[in-house]
Amino acid sequence: MTPEQMTAFQKGRHDWEGKPLRPDGDLGPRTRWALAMSALDPRRQAIVANACGFVGLVERGTNRGPEIDTWLTRCGAPLGSAWCAAFASWCISVTGRTGVKLAGAQALGRFLRATTRPVPGDVMWFPTGDWTGHCGIVIGTGLEVVATVEGNQNNAVRLVMRERRQVRFGVTVDAEALDEVSVPPGLTLIPVQHEGTR
């Protein structure tokens with residue numbers, strides 16, 4: 001792309017933190033990530049945009065807040081419940097895809113077709129007990145790690161990195177990606193913990 005074409009692309013696009021790209025014509029890491037994302041199926045793009053658009057949202061009280069209450073209510077879960085799966089269910093319920101209303105991380109993960117080759121927009125999940133678990137939305141992949149946006153991660157919606165060998169993945173959209181979307185730089189690697197959410 002020419003700098004002019006790059007500037008035109010950057011206008012109206014967002015990075016992995018849900019922030020608008022700076023229309024400066026520079027191919028930095030945020031623009032490179034947005035370019036790779038733009039090659040994905042539009043449903044996958046919409047799922048990632050839903051997730052990234054809430055990065056930084058913090059609870060107001062224990063497992064509460066206007067958005068969190070909406071996600072839980074949508075899934076039929078009691079207010080104040082763990083909300084990672086309610087958030088992920090809302091994120092993946094985009095136009096052109098059947099809506100999902102599951103408030104349990106294991107239930108959501110097992111509802112989706114399993115894969116070992118996640119693509120942005122897929123669900124990352126892992127069990128934390130017999131029926132409890134945690135989940136998030138994949139936004140980038142590497143050989144050994146995956147970048148995710150997770151609700152109820154330390155009482156907020158946060159960007160984190162997980163080791164692929166410690167987690168599982170569920171497919172949200174059957175259309176596969178032609179190119180990889182790399183893991184955004186600067187994310188914290190969070191080990192899987194087995195104290196349960198839901």
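Using only alpha carbons, build the gyration tensor for the range 109-179 and give me the equivalent ellipsoid semi-axes, biggest first, whole Å.
Here the semi-axes work out to 18, 14, 11 Å.
Out of the total accessible area of the range 1-56 (probe 1.4 Å, heavy atoms of protein only), what percent is carbon and sulfur? Working shown, then result.
Details: 1590 of 3020 Å².
Roughly 53 percent of what the probe reaches on the range 1-56 is carbon or sulfur.
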**Message:** With a 1.4 Å probe and all protein chains left in place, how much of the accessible area of the range 89-198 comes from carbon and sulfur atoms, in whole percent?
**Reply:** 50 percent
**Message:** Using only the Cα atoms of the range 1-52, what semi-axes does the equivalent ellipsoid have when each is the square root of 5 times a gyration tensor eigenvalue? Give whole Å, largest first.
**Reply:** 19, 11, 8
**Item:** Two-site label geometry, Phe111 and Thr2: point separation in nm, points 7 Å out along Cα→Cβ
**Value:** 4.8 nm
**Over the chain, relative contact order from alpha-carbon pairs under 8 Å, at least 6 apart, %** = 22 percent
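Beyond 15 Å, what share of the Cα-Cα pairs of the range 119-159 is found? Please give it as a whole percent.
Looking at the range 119-159, the distances longer than 15 Å represent 43 percent of pairs.
Just from its helices, what would the mean residue ellipticity at 222 nm be for the chain, if runs of 4 or more DSSP H residues each count -39500 (n - 2.57) and the sum is divided by every residue, rounded to the nearest 500 deg cm²/dmol?
Numbers: 6 runs with 54 residues, N = 198.
Rounded to the nearest 500, the figure is -7500 deg cm²/dmol.
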**Prompt:** What is the log10 of I(q)/I(0) for the range 51-198, computed with the Debye formula using one identical point scatterer on each Cα and no solvent, at q = 0.09, 0.17, 0.18 Å⁻¹?
**Reply:** -0.23, -0.88, -1.00
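Would you please give the FRET efficiency between Lys11 and Thr62, computed as 1/(1 + (r/R0)^6) with r the Cβ-Cβ distance and R0 = 41 Å, to the nearest 0.05? Each step should come with its number before you reach the end.
Details: r = 40 Å, r/R0 = 0.98.
After rounding to 0.05, the efficiency reads 0.55.
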**Request:** Keeping all protein chains in place, calculate the accessible area per residue for the chain (probe 1.4 angstrom), answer in Å².
**Result:** 48 Å²
**Request:** Using only Cα atoms, locate the centre of the range 116-155 and the centre of the range 46-84, then give the distance between them in Å, rounded to an integer.
**Result:** 16 Å
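How big is the equivalent ellipsoid of the range 34-92 along its three axes, where each semi-axis is √(5λ) from the Cα gyration tensor, reported in whole Å from largest to smallest?
On the way: eigenvalues 133, 30, 8 Å².
Ellipsoid semi-axes (Å, largest first): 26, 12, 6.
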**Request:** Would you calculate the separation in nanometres between label points at Arg165 and Asp26, each defined as 7 Å from the Cα along the Cα-to-beta-carbon direction?
**Result:** 3.8 nm
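The values are calculated or read from the model by the stated rules, or taken from the named source; none is laboratory data. These numbers come from a predicted model, not from an experiment. Cβ atoms come from the backbone with ideal geometry, glycine included; neighbour counts cover every protein chain shown. Ligands, DNA and RNA are excluded from the accessible area calculation, which covers all protein heavy atoms including side chains. Shrake-Rupley method; radii C 1.70, N 1.55, O 1.52, S 1.80 Å.
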